[in-house]
Amino acid sequence: MAKKDIDWANLGFGYQVTDKRYVTNYKDGKWDDGAIIDDPNIVLNECAGVFQYAQTCFEGLKAYTTEDGHIVTFRPDLNAERMDQSCERLEMPVLPKGRFIEAVKEVVAANEDWVPPYGSGATLYIRPYMMGTNPVIGVKPADEYQFRILVTPVGPYFKGGAKPLTIKISDFDRAAPHGTGHIKAGLNYAMSLHAIVTAHKEGYDENMYLDPATRSKVEETGGANFLFVTKDGKVVTPKSDSILPSITRRSLMIVAEKYLGLTVEHREVFLDELPDMAECGLCGTAAVISPVGCIVDHGREIRLPSGMTEMGPITKKLYDTLTGIQMGRIEAPKGWICTIK
Ligand SMILES: *Cc1c(COP(=O)(O)O)cnc(C)c1O
């Protein structure tokens, strides 16, 4: 066994097929024992629930090589809990939390040679997902499901450091008022694709979605939560029932309070408040925090005083502390680091 011959430092953020994946099937009301398999392809009936009524959801987390050479993941228990919630909302069966965590560990260990080395800037992205597999034509939940985990090595989300992004206040809504905005499911992404392709064509990096009921409050982007720093140094993150509870954002709130001694507010954030913000970032597993330099509201530019050249000072401290915890350079709060090897 030896590490794969990959130019780790120059990896992009894309899918690359790896050696092993995890699979378990749900039938007659129970999950089978599960296994690590070789075949990356899935063969399903043409009428499978996933194709007809989009019964599918997913999770995303990473495995890291720490400074002292261990392979670890970050808070997989929270991914398991969040997938439970997605499954419940989509009338899919829940995979018990213990099984989810064991499956993550097993599939990472089976692909040990694909885990990027410490200091390379790359990580192993882990993608658990579930889908309805048996034929359904009348509108109802499927009876049979498959849960899988694929892994793929990914480079840093932003090559050569994070350049602040320009964000468009979207004309489209990401979520319906009592819809599925709080779950991690492809259906939310499918309906955000036209909005992001449109924003990119207009020269923006991302969309800021507003609350669908009043369009006066900040929600999130298509795939990351917002975090703001006010001009008086408080960390503020939007609270809403229709945004996905980011594990990165929840962890950064704890880092801000417990490690950096900052005041943290999780509350509704109004569009009108944006000119009072000193820093803004997008939080998610892929990039940890991406700085935002400018938010554009139909021609009105709101420039963050932290600027368009680098991360703001508090955003940078948050980023360095959380990545330090994940890579084993800074002591983690109890239970945050799950050691695989
Ligand atoms: C995955 C995701 C995030 C980020 O969540 P993390 O747990 O931090 O990776 C934010 N918003 C949406 C819509 C997502 O799907």
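One residue stands out in the range 148-192 among those that are among the hydrophobic types (A, V, I, L, M, F, W, C) and touching a Gly at 6+ places or on another chain (Cβ under 8 Å): the one that is nearest to the ligand (Cβ to nearest atom), namely Ala175.
The set of residues from the range 231-285 being free of Cβ contacts under 8 Å to residues at least 60 places away in the same chain, within 13 Å of the ligand (Cβ to nearest atom) and outside any strand (DSSP E or B) comprises Ser240, Ser246, Arg249, Met253. Evaluate the following for Thr56: is it under 18 Å from the mean Cα position of the chain (by Cα) and open to solvent by 20 Å² or more (accessible area, probe 1.4 Å)? Taking the combined requirement at face value, the residue satisfies it.
Of the residues making up the range 4-58, those that are of a type outside the set (Ser, Thr, Tyr) and in a loop (DSSP other than H, G, I, E, B) number 29.
The values are calculated or read from the model by the stated rules, or taken from the named source; none is laboratory data. Bear in mind the structure is a predicted one, so any value in this text is a computation, not a measurement. Reconstructed Cβ throughout: ideal geometry from the backbone, glycine too, with neighbour counts over all protein chains shown. Heavy atoms of the whole protein, side chains included, go into the accessibility calculation; ligands, DNA and RNA do not. Shrake-Rupley method; radii C 1.70, N 1.55, O 1.52, S 1.80 Å.
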